[in-house]
Amino acid sequence: MTTEAQQPTQTEQSSPQQKNIRLSESYPPNSTNNSQYLAEVHEVIKNIDLSTLDFNEKITIREINPLGKDIDQLKVLYKEWFPLNYDDTFWNKVSKQQVEGYVAELDLTSESLDKYIVGAVVFYEKEANRQDLGFCLEYFFNKLQTIYIQTIGVINELRQYKIGTKLLDKVKDIAQRRKNIKYISLHMVEYNQSGETFYLKNGFYKVRTIFNLFKLEERFYNFFYFCFYVNGGSNPHQNFWMKVLQKIRELFRKLAAFIKSLY
Ligand SMILES: CC(C)(COP(=O)(O)OP(=O)(O)OC[C@H]1O[C@@H](n2cnc3c(N)ncnc32)[C@H](O)[C@@H]1OP(=O)(O)O)[C@@H](O)C(=O)NCCC(=O)NCCS
């Protein structure tokens with residue numbers, strides 16, 4: 001189903017989602033490919049009074065079911081949320097559970113409607129590599145295991161209701177329980193300002209910028225590498241540069257002491 005995202009009316013103009021033609025800030029700022037709703041849930045939700053919706057009761061965070069209709073719903077939502085093309089290779093990994101994932105599901109069955117996916121996160125474990133971390137000594141001496149968040153998204157109507165935070169909390173819980181994991185990581189395109197606020201608010205650190213990392217709609221963009229540390233993990237860059245700074249300070253102190261001893 002394709003629903004034209006309505007032109008903002010006088011009363012809707014203050015809504016954060018309506019200020020821009022883009023439905024998702026993941027899309028390039030001048031994109032014209034992201035102004036239409038595609039998922040069925042939007043048709044349903046426009047008839048629901050969100051101010052009376054009990055989010056704790058109606059929205060459940062659960063694992064992606066590889067056998068049910070989750071994947072069909074997600075395929076459509078991913079087109080709304082992300083400018084990268086998630087093809088069959090990606091969806092095969094999701095259905096074969098080679099990657100992990102959780103969805104936020106809105107249950108409207110008591111209103112004689114259905115259950116709808118309104119948010120999702122997909123992630124997997126990997127060993128940190130040089131491309132992610134850049135040059136750092138820590139990487140050469142230790143194997144740093146990370147949970148890498150590949151995608152996270154929430155439908156427009158339910159953004160800023162903490163659904164994204166709940167999905168992230170799920171990933172944080174899992175990371176904390178796996179003691180080999182030292183941090184959660186992800187790449188985010190640098191123009192995605194709401195995404196940046198979202199990750200910083202949720203305790204992530206912006207570790208570095210990787211220039212021209214991915215091509216989105218015919219242009220390469222810089223991406224930020226964000227990390228959330230768990231199980232004693234810490235920013236290897238910070239450690240390295242802190243050590244260098246400490247060494248320089250020590251040298252200056254010794255030099256000052258030596259000059260002083262001459263007089
Ligand atoms: C990023 C995204 C997943 C956030 O989901 P969400 O459910 O709206 O986030 P939350 O409600 O949990 O927000 C938590 C905090 O993030 C910040 N935040 C989230 N959305 C924001 C926005 N549009 N503008 C400013 N701050 C925002 C706020 O600080 C918020 O806390 P507050 O409401 O107490 O101020 C959602 O906006 C989205 O799906 N965007 C499109 C896809 C995308 O960009 N994904 C991330 C990059 S891959």
Please get the size of the charge dipole for the chain, origin at its Cα centre, with Cβ charges of +1 on Lys and Arg and -1 on Asp and Glu, quoted in debye to the nearest 20.
2040
What does the charge count near residue 254 come to, summing +1 for each Lys or Arg and -1 for each Asp or Glu among other residues with Cβ under 11 Å from its Cβ?
+3
Defining a contact as two alpha carbons under 8 Å apart and six or more residues distant in sequence, what relative contact order in percent does segment 165-263 show?
28
Using amide H atoms built 1.01 Å from N in the peptide plane, name the residues 5+ places from residue 151, or on other chains, whose amide H lies under 5 Å from its own.
122
For a protection proxy built on the mean count of beta-carbon atoms within 10 angstrom, sort 166-177, 57-68 highest first, please.
166-177, 57-68
What residue among 34, 235, 56 has the largest mean-square fluctuation in a Gaussian network model of the chain, using Cα springs under 10 Å?
56
State the answer as a single residue: which of 200, 103, 50 lies farthest towards the positive end of the charge dipole of segment 3-232, with beta carbon charges of +1 for Lys and Arg and -1 for Asp and Glu, about the Cα centre.
200
Between residue 248 and residue 173, Cβ-based FRET efficiency (R0 41 Å, step 0.05) works out to 0.55
Please list 3J(HN,Hα) in residue order for segment 42-52, calculated via the Karplus relation 6.51 cos²θ - 1.76 cosθ + 1.60 where θ = phi - 60°; whole Hz, with x for glycine and proline.
5, 5, 6, 6, 5, 9, 9, 7, 5, 5, 9
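Summing Lys, Arg as +1 and Asp, Glu as -1, what charge do residues with Cβ under 11 Å from the Cβ of residue 108 carry, residue 108 excluded?
-2
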For the chain, with +1 on Lys and Arg beta carbons and -1 on Asp and Glu, the positive-most of 226, 121, 38 along the dipole:
226
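Read-outs: derived from the displayed coordinates by stated rules, not from any lab. Treat the numbers as computed from the prediction; the structure is a model and nothing was measured. We place every Cβ from the backbone using ideal geometry, glycine too, and count neighbours over all the protein chains shown.
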